[in-house]
Amino acid sequence: MLGEKQRTFKSHTAVSLEALVPENNFYRQVEAKLDLSFVRELVKSHYASTMGRPSIDPVTFFKLQLILFFEGIRSERQLMGMVNMRLDCRWYIGYDLDEAVPDHSSLTKIRHRYGLEVFQRFFEQIVQLCMDAGLVWGKELHVDGTLAEANADYDRQIPRFAWQAHVQSLFEDPAPTAVNTDRHFVHKYDGHQRLVKANPYQRDVDYWVNPADMDATPMGKFKLGYRTHYGVDGGKSRIILACLVTPTTIQDNTPMLDLTWWSRFRWQLPLEVAVADRRYGTIENIVGLESSGVKAFTPLLTETARHDPNLFPRERFIYDPQQDHYICPQGETLPYAYTHNDLRFYRTKAKVCKACPQRIHCTSSKRGRILSHSIYKPFLDRVAAYHQTEAYQKAMRKRQVWVEPKFAESKLWHQGRRFRLRGIHKVNIEALLRAAVQNIKQFLKDSLQPRFPAPAGAVARCLERVSIFGIFPDKRAFTDFFNTLGRFFCNFNHHETDLSSFFAIYKRF
């Protein structure tokens, strides 16, 4: 017989939200492993202590932000609609079945109240939790960047002078300049001032602006966007130690030194190596790292003049550092001549080149062949020598699977392809929360993995098998061996030991 379900609902008084959420639910694991009570102290100064109505709990606000990125939701209105229906999300933020969840507009106001400073401290606290859990190695830092679209239309740009005239007509007195109080480099890399040498090149951003997002800059031909920079630890957990969003006019290599030093001194890291791709191999970055005792594992990005294929290449000339001169293929010397723009120039006398039988293969200049190199050549030669080592080759292979997957994870699962918020400070808030979520996932993954020693039952069963062969005299020797072996492999994953340690363990037992 065909059945038909009648839609009749009863009022249940004995239903508990605690009983409706399964024990193995993801948000139960987050609640058990991640204590966010520290955020109340972070935002305490943003509220009055003796007057006004009670606000939304800051812990609830940050939990909602985590849900936003965990679930890959782009809209806070959609977020609150989902939280209102999802039992596990209600349980996580602490709202019962009959309680009204916060309005989505409250989240915007709270975020504006806190500002970038609070979210930067929140990100730092998450990194500190990862460090306390032993997830940060600290000897190696991988730096890279990626592009993300802005929440603004390229075709809606207007001339900047027209926008400035409109703003001045609305506000006669210019707004006071805000004091830079944040703990990062957003003010330095906001794109309003040039950070490279003066040149006659005029940027498109100097002429055009989008009123919806005045900090967004052209990304390609028909898009506006930002550039996200990550500094990722070289340990097995790949914890993000630094995060910064800049306009696309700021190149990848520009904030590398600031991100490296901030990560090193903020977390007191025993940093030995900084790894990056060719775009970061500028002279400024290499000299800054090498002069501070940090190895720069990056290909060299040098600016060289165009070379005529019919003339002797630079490699045919041998440099003598003791005499500070070059030796040409014919054995003639090119002594030092002068220095200009951080370059040392070497050239021989014109009459020597004129009498040379290989002159047509060497130079077409009447003044003779001229060579130059940077005044920082010792640092560049040192980095070039790294390229032949196995450690450098391993770091280059490792870089491809260390930072790039972090950007892929951000774009595929956490809405990192396009920013939801607008303005340089707000997109940095969004990026910091996204990076914090990625670190939290690593933190939860590590905390939920089984640890040594193995369960007692497994130890007993293994002991019964090996005792037949008389390898271990008692249970204590057996457990000591495997505990030590477990610590060896943990250290081996973090590159802190080699195979000689294994043989030392073997001989010990």
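Each value in this text was obtained by applying a stated rule to the coordinates, not by laboratory testing. If you're wondering where the values come from, they're calculated on a predicted model, not measured in any experiment. Cβ: placed from backbone, ideal geometry, glycine included. Neighbour counts: every protein chain shown.
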When the label point is put 7 Å from the Cα of Ala133 along its Cα-to-beta-carbon vector, which residues of the stretch 233-268 have a backbone N closer than 19 Å? 233-243, 267
Provide the gained length on full extension for the span Ala162 to Glu272, in nm with one decimal, where the gain is 0.36 nm per separating residue minus the Cα-Cα distance. 34.6 nm
Could you order the peptides 333-342, 401-410 from most to least packed, using the average number of other C-beta atoms within 10 Å per residue? 401-410, 333-342
Students often get this wrong: which residues of the stretch 86-124 have the backbone nitrogen under 17 Å from the point 7 angstrom along Cα-to-C-beta of His12? 86-91, 96-99
Potential extension, Asp381-Ser447 segment - 0.36 nm per residue separation minus Cα distance: 19.4 nm
Of the listed links Lys221/Lys406; Lys63/Lys221; Lys109/Lys221, those spanning more than 30 angstrom between alpha carbons are Lys63/Lys221; Lys109/Lys221
For the stretch 314-376, with +1 on Lys and Arg beta carbons and -1 on Asp and Glu, the positive-most of Leu343, Cys356, Gln322 along the dipole: Cys356
Mind putting a number on the dipole of the stretch 239-343 about its Cα centre? Charges go on the C-beta only, +1 for Lys and Arg and -1 for Asp and Glu, and I need it in Debye to the nearest 20. 340 debye
Want the number for Lys411 to Glu284: 0.36 nm per residue separation, take away the alpha-carbon distance, what's left? 42.6 nm
Over the stretch 331-378, how many percent of alpha carbon pairs lie in each 10 Å bin up to the one with the longest distance? 27, 48, 23, 2
Quick one: Ile240, Ile73, fewest Cβ neighbours within 10 Å first, how do they rank? Ile73, Ile240
Stick to the Cα atoms of the stretch 315-410, pair each with every other, and give me the Kirkwood hydrodynamic radius in Å at one decimal. 16.4 Å
Determine, for each peptide in 138-145, 357-364, 392-399, the mean count of other beta carbons within 10 angstrom over its residues, then list the peptides with the highest first. 138-145, 392-399, 357-364
Which of the lysines could be linked to Lys351 by a straight reach, that is with a Cα gap under 28 Å, when you skip same-chain ones fewer than 8 residues away? Lys366
With only Lys, Arg, Asp and Glu charged, each at its Cβ (+1 for the first two, -1 for the last two), find how big the charge dipole of the stretch 17-115 is about the Cα centre; round to the nearest 20 debye. 520 debye
